[in-house]
1. For segment 397-412, give me the residue count where each residue is under 27 Å from the mean Cα position of the chain (by Cα) and either among the aromatic types (Phe, Trp, Tyr) or over 14 Å from ALA259 (Cβ atoms) (or both).
2. Can you tell me which residues in segment 289-330 are assigned to a loop (DSSP other than H, G, I, E, B) and either crowded, with 19+ Cβ neighbours inside 10 Å or polar (S, T, N, Q) (or both)?
3. Can you name the residue in segment 331-354 that is assigned to a helix (DSSP H, G or I) and more than 13 Å from the ligand (Cβ to nearest atom) and is also surrounded by the most Cβ atoms within 10 Å (Cβ to Cβ) among such residues?
4. Could you give me the residue pairs with C-beta distances under 7 Å whose first residue belongs to segment 399-417 and is polar (S, T, N, Q), whose second residue is modelled with pLDDT under 95 wherever it lies, and which are 6+ apart or on separate chains?
5. For segment 81-96, what are the residues that are in a helix (DSSP H, G or I) and closer than 16 Å to SER187 by Cβ?
6. Only one of (1) within 13 Å of the ligand (Cβ to nearest atom); (2) touching a helix residue (DSSP H, G or I) at 6+ places or on another chain (Cβ under 6 Å); (3) under 23 Å from VAL397 (Cβ atoms); (4) of a type outside the set (D, E, K, R) fails for THR357. Which number is that?
7. Please pick out the residue among VAL264, VAL315 that is within 19 Å of PRO419 (Cβ to Cβ) and more than 11 Å from the ligand (Cβ to nearest atom).
8. Hey, can you tell me all the residues within segment 188-223 that are over 19 Å from PHE167 (Cα atoms), assigned to a loop (DSSP other than H, G, I, E, B) and without any contact (Cβ under 8 Å) to a residue 24 or more places away in the chain?
Amino acid sequence: VRQLVKWDYELRSGIQLREVIDRAIAVAMSIPCGPVYLSLPREVLAADYPSKRFIEQPRISPAFKAGPNSDGVDTLAGAFVAARHPVIVTTSSGRDPSSVSLLNELARRHSIGIVESRSRYVNASRSHPFHLGYDIEPLIDDIDVLCFVDCDVPWIPALGNPRMDAFVAQCGSAPLAERYPMRSHRSDLTIAANAVELFSALDAVLDRHGKPITSERLEWLNRTADSSRRSTAEKIEADRSDGGLISKVYLSNCLSLLAPESTVIFSEYWIDREALAPTEPGSYFDLPAAGGLGWALPAAIGHLRCTTRGPVVAVVGDGAFIFSNPLACFQAMAANDLSILTIVCNNGRWGAVDRATEWMYPRGSATENLSSPLSQLEGAGSFEGVMAACGGVGLRVEDRSELPDALAQAFEIVGSGRPCLLNLICP
Ligand SMILES: Cc1ncc(C[n+]2csc(CCOP(=O)(O)OP(=O)(O)O)c2C)c(N)n1
C-alpha cells in the first residue's frame, strides 16, 4: 500500500501508540487530505501499557496551507477584470461545504461563470444565474479566462482544449496533482491554496478593482446559463416514457422530485448530475479519483455513523454492489443501528467495461455482437432477498412506472429505522 498512502508505519511498541496515532491523523488530515496506513502487530497490542497514556487530546494539529500568495491572486483578479468570458471550473471545491456560498457569491458579485466539471461534491448552487452546467469541453472554445479549482482532470484533450490565447490558472490544495505519475495540462498561473481561502482572497481583490462589467459579458453568461438549463430540460423530456426500464436520467429526476430535502446521496456513477441537480452543500458525493469499485455503500455507512443528517442513500450498479461486500455492509448497518437506502441499478453486466470496449474497438466483434464475453453478471441472485435476509426490506422494481411509489415507500421504511434496498432493473 505504500504507493497509495501519504504515510505508513508499523507500531513497534505500545509506548509509541499515542505519538503514532497523533501523527497518523495529522498527516491524513493535512491538506491535501489522504489515507495513511498503520499496522498494529498482535504481540504489541497484547502487551500491557499504562492506560493513562491513551486518553489525552491530539497534540499535532494538521497542516492547513497558508493563504494563496497575494501576487498570484492579483494576477488572477487582473485576468478576471479584463476577461470577456471568464469561468471558474471546479471538481472538488465543495469538499469543504463552507466554500459553496463563497463561490456562489464570488461568481454573482463579479459576473463569472461556474462549471462543475466531473464534480464529486455540490460545489455551487445549480440555480445560480451563472451556472453553466457540468461539462467544460463543449464551452471551452468560447472562454478566454479559465480558473480551475481543485480539478485533478481539468479537461480531456481529446474532447476540447483551452484556446491558445486563453489564460489558464490551476488552483487548489494540490494544483498540479503532484502525486499523479503524469499530468500535463497547461497552467499559466498556479496557486496552491484551499478553495475557501482562494475564493475569499479573490473576492476581496476584485472588490477593489471596481471596474464595471461589460454588457457583452453579462449577456454571454446569461445566454450560456440559459442554454445549459434548456438542454437539461430537453434531456429529461427526451427520456420521458410511460413504461420500460429505469434510466439514469429517470432515476435521478425521480430522486430530485421525491427525496426529502435533507437527503445525502453517495453515487457510484448511476446519478445524472444534471437531472438530480443537488444544491445543498454536503448533500452529494461521487466516486473518488481512485475509483475503487464498491466505495459508495460503505462510504454511506461511514457518513451516517458520523452525522444525524439523512436519509442517506447509496446509488450503485450491480457490479459495485457486489464489490462493496454487501453482507459486511448490512451487518455493520444492523450492528450500528443505521438505516440506509441502497439503490442497486441492476443491468446484469459490467456496463463500464462494455463501454470502454466499444470506444476502443467500435468495429470489434464484442461491439458488433452487443455482448462482450467477460462483462456479463448473470446469475447474481436476488439482491432484495439479501437485504431481507439481513433484517431490512428489499423491493424489486422492474418498470419505471413503479419507481415513484417504490421510492416513496423506501424513504418511509428508512425513516422508520429499517434499512431498505431497491433492486431496479436498468438497461
Ligand atoms: C476495484 C476495481 N476493479 C475494477 C474497476 C473497473 N471498473 C470500473 S466500473 C466497472 C464496472 C462496474 O459495473 P456496475 O457497478 O454494474 O455498473 P455499470 O458499469 O454496469 O453501470 C469496473 C469493473 C474498478 N473501478 N475498481
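The values are calculated or read from the model by the stated rules, or taken from the named source; none is laboratory data. These figures come from a predicted structure and were not determined experimentally. Glycine also receives a Cβ, built like all others from the backbone with ideal geometry; neighbour counts cover every protein chain displayed.
1. Of the residues in segment 397-412, 3 are under 27 Å from the mean Cα position of the chain (by Cα) and either among the aromatic types (Phe, Trp, Tyr) or over 14 Å from ALA259 (Cβ atoms) (or both).
2. TRP295, THR307, THR308, GLY310, PRO311, SER324, ASN325, listed by residue number.
3. Let us first name the residues in segment 331-354 that are assigned to a helix (DSSP H, G or I), namely 331-336, 351-354.
From what's left, more than 13 Å from the ligand (Cβ to nearest atom): 331-336.
Working: GLN331: 13, ALA332: 17, MET333: 24, ALA334: 15, ALA335: 8, ASN336: 10.
Checking each candidate, the answer is MET333.
4. Here the result reads SER401/ASP242; SER401/GLY243, each pair linking segment 399-417 to a residue that is modelled with pLDDT under 95.
5. Taking segment 81-96 as the starting set, the residues that turn out to be in a helix (DSSP H, G or I) are 81-82, 93-95.
Within segment 81-96, no residue meets the criteria.
6. (3)
7. Numbers: VAL315 fails: more than 11 Å from the ligand (Cβ to nearest atom).
Result: VAL264 is the single residue among VAL264, VAL315 that is within 19 Å of PRO419 (Cβ to Cβ) and more than 11 Å from the ligand (Cβ to nearest atom).
8. If the condition is that a residue be over 19 Å from PHE167 (Cα atoms), assigned to a loop (DSSP other than H, G, I, E, B) and without any contact (Cβ under 8 Å) to a residue 24 or more places away in the chain, then GLY210, PRO212 are the ones that fit.
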